[in-house]
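Here's the structure we're looking at; comments come further down.
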Amino acid sequence: MSEMRLSMSSDQRGLSLVELMISMTLGLILTAGLVQIFVTNKQSFTLSRAVANVQESGREGAMILGREIRNADYWGCISAATSVQNNLNSGAPGDLLDFTRGLEIYPDTDSNNAIVDGSHVIMLRGVSGAPEVGVEKVPAADSASLHVTDASTFTEGDVLLVTDCENANIFQATNVNANGNDLIVHNTNTGKGFEPGNAIKTMPKKYTENAKIYRPSVTRYSVQADDQGRRSLVVERALLANNTGNADGYGNPVELVAEIRDMRSLIGVDTNDDLAVDEWRDPPTPGDADAEDVLAQTLAVRVSLLVRSRDDSVSDDPVDVCFPGWLACTSAATGLQTPADSALYREYSFTASIRNRIFGGN
């Protein structure tokens, strides 16, 4: 019995200091390896999420703008905005209700608005969809009203377009009668404070029962910053019916795609009326003397979007990005940008043709 106790005691002497240090070292090495794997996987996940994020934002922004640009300057059966006569009280060329410009693109220079300074603004005018109603009766030559098939969908202050595929006029409804005798009145000096109001009350021609009534639209796309400096691609739609009689203003900005940092564009101009782009150039400013002619000759638009990831710390150091995408960036002087943070930045470019100008023969 005594020999058995001595044998058990000798088998349980424990670890030596050397063995303990070796085991602790191996444990630390294993733990460090696991931590490194975790950190690497986390960084890889963050980068993958950032890449997916900027790809989604870039594709969504390109899809929205591309579709809208392709449908720009559509006026129903009238092929061009230059065929539409504006009966409204007009302001300066290039203002909100300047319907001679179905497409307008310009760099923002107003430091007092929410639009990112220097980024480009895309304004699209036209009509969307089918006509609202038809003209039912031929009004008198000096009449300030149109007899329509149904006036119930219209309100005072609506800006409308009437066309018979040969002529077209834009006017503001100053009174709407939908009680059996469906009338849309387009008078002047009504005393109701309509904005912008009609410059003339009569139509320049006597529209027949073949004429249709459309709703023209003005849509502005821009990159705007909120109070926290967060930038997004934003849309503002004007001429919304609000029963106030005031159509001379934009609606509330609506965010379309978050983390769009900047937007730049080039316009493809047809200089010899062969329905093909002859040169790519910067868009004119609204006040340029040739702005209206150049914009009327524009057949396509090339847009570059600068997209930022939602994650702030994607890489250890900022990664340079070339913007706009059509530049051959070799340095800061040629468009190479170094972000101020470590988020992921990507540039997305696309080209969209204006279908109504190519197929409509404008």
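Working from the pairwise distances between different alpha carbons, so that the mean of 1/r is found and then inverted, what is region 241-362's Kirkwood radius in Å?
Final number for the Kirkwood radius of region 241-362 is 17.4 Å.
With the contact rule set at Cα under 8 Å and sequence spacing of 6 or more, what percent relative contact order holds for the chain?
Reported as a whole number, the value is 18 percent.
Specify the residue with the greatest mean-square fluctuation among 65, 327, 299, computed from a Gaussian network of the chain linking alpha-carbon atoms under 10 Å apart.
327
Counting helices only, and only those DSSP H runs with n ≥ 4, report the 222 nm mean residue ellipticity of the chain as the sum of -39,500 (n - 2.57) divided by its residues, in deg cm²/dmol to the nearest 500. Can you show the working numbers first?
Values: 4 runs with 75 residues, N = 362.
The helix-only estimate for the chain comes to -7000 deg cm²/dmol at 222 nm.
Percent relative contact order of region 264-362, based on C-alpha pairs within less than 8 angstrom and at least six residues apart?
Result for region 264-362 is 27 percent.
Take residue 280 and residue 113, extend 7 Å from each Cα along the Cα→Cβ direction, and tell me the distance between the two endpoints in nm.
Rounded to a tenth, the inter-label distance reads 2.6 nm.
With a probe of 1.4 Å, find how much accessible area the chain has per residue, and write the answer as a whole number in Å².
Numbers: 18750 Å² over 362 residues.
Per residue, the chain has an accessible area of 52 Å².
Work out how far the C-alpha atoms of region 154-283 reach from end to end along every principal axis, then list the three figures in whole Å, largest first.
Its Cα atoms span 52, 46, 24 Å along the three principal axes.
Among 36, 124, 89, pick out the residue whose Cα is farthest towards the positive end of the charge dipole of the chain, where Lys and Arg carry +1 and Asp and Glu carry -1 on C-beta, about the Cα centre.
Checking the options against the dipole of the chain, the answer is 36.
What residue among 66, 27, 249 shows peak mean-square fluctuation when the chain is described by a Gaussian network model with Cα springs under 10 Å?
27
Report P(r) for region 165-230: all Cα-Cα distances, bin width 5 Å, range 0 to the bin holding the largest distance, values in whole percent.
3, 12, 17, 19, 16, 10, 6, 6, 6, 4, 2
Computed over the Cα atoms, what is the radius of gyration of region 106-208 divided by 2.2 N^0.38 Å, N being its residue count?
Details: Rg = 17.2 Å, N = 103, 2.2 N^0.38 = 12.8 Å.
Here the answer is 1.34, to two decimals.
Taking N as the number of residues in the chain, what is its Cα Rg relative to 2.2 N^0.38 Å?
1.54
Whose amide H sits under 5 Å from the amide H of residue 278, counting only residues 5 or more places off or on another chain, with H placed in the peptide plane?
Those qualifying (amide H under 5 Å, at least 5 residues apart or on another chain) are 269, 270, 271.
Can you give me the C-alpha center-to-center distance between region 17-37 and region 115-157, rounded to a whole angstrom?
77 Å
Output wanted: per-residue J couplings in Hz (rounded whole) for region 253-270, from phi through Karplus 6.51 cos²θ - 1.76 cosθ + 1.60, θ = phi - 60°, x for Gly and Pro.
x, 10, 6, 9, 9, 7, 6, 8, 8, 7, 9, 10, 8, 10, 10, x, 9, 8
What does the charge count around residue 166 come to, taking other residues whose C-beta lies under 15 Å from its C-beta (Lys +1, Arg +1, Asp -1, Glu -1)?
+1
In a Gaussian network model over the chain where Cα atoms closer than 10 Å are linked, find which of 83, 119, 48 has the largest mean-square fluctuation.
Highest fluctuation of the listed residues: 48.
In whole percent, and with a 1.4 Å probe on the protein chains, what portion of the accessible area of region 158-198 is carbon and sulfur?
34 percent
The values are calculated or read from the model by the stated rules, or taken from the named source; none is laboratory data. Small disclaimer: the values here were computed from a predicted structure and weren't measured. Here Cβ is always computed from backbone atoms with ideal geometry, including for glycine, and neighbour counts include all displayed protein chains. Ligands, DNA and RNA are excluded from the accessible area calculation, which covers all protein heavy atoms including side chains. Shrake-Rupley method; radii C 1.70, N 1.55, O 1.52, S 1.80 Å.
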